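Read-outs throughout are calculated quantities, based only on the coordinates presented, and are distinct from any laboratory measurement. For clarity, every value in this text was computed on a predicted model and none was experimentally measured. Using ideal geometry, Cβ is built from the backbone for each residue, glycine included, and neighbour counts are taken over all protein chains shown.
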Amino acid sequence: MIQLVFSKRDRSSVFRVQDVHLRINTLKFYIRDSKHDFLYKTLRPLATVLIKRQIEKAIKDALVTGFEYIDGQLVAVRDRMESAQAQDVISHTDILKDVSVISFLLIRLLNVSF
């Protein structure tokens with residue numbers, strides 16, 4: 001679950017990531033051709049927990065980075081839209097093309113399969 005906070009007062013961003021909840025329920029890994037089966041069987045539960053935590057942390061960091069990138073792109077589009085409205089120089093279709101690219105990036109970020 002990703003919690004986003006939208007702010008109208010802060011001009012440097014459209015939204016920010018407040019919290020990311022991520023849980024990996026199952027993780028199976030195997031060590032092949034091990035000569036230390038007893039050591040492997042006793043340490044596997046501890047290693048599984050540690051590996052799960054590291055994978056969860058890496059995915060959370062990647063999601064936050066991706067959403068921060070999209071936020072920066074949205075700020076740039078908003079600024080371009082406001083300057084275009086003030087000057088009537090840039091056509092709105094060019095700006096809407098940028099918005100469609102950003103929405104494509106957002107859809108790709110949310111549809112990542114692990």
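Under 24 Å of direct C-alpha separation, and excluding same-chain neighbours fewer than eight residues apart, LYS60 reaches these lysines: LYS28, LYS52.
Label positions at LEU27 and VAL101, each projected 7 Å from the Cα along the C-beta direction, are separated by 3.6 nm. Normalised by 2.2 N^0.38 Å, where N counts its residues, the alpha-carbon radius of gyration of segment 2-110 equals 1.68. Segment PHE15..ILE51, full-extension length gain: 9.9 nm, with 0.36 nm per residue of separation and the alpha-carbon distance subtracted.
Sorting the segments 40-47, 21-28 by their residues' average number of neighbouring beta-carbon atoms within 10 angstrom, most packed first, yields 40-47, 21-28. Where only DSSP H runs of four or more residues are counted, the chain gives -22500 deg cm²/dmol as its mean residue ellipticity at 222 nm, each run worth -39500 (n - 2.57).
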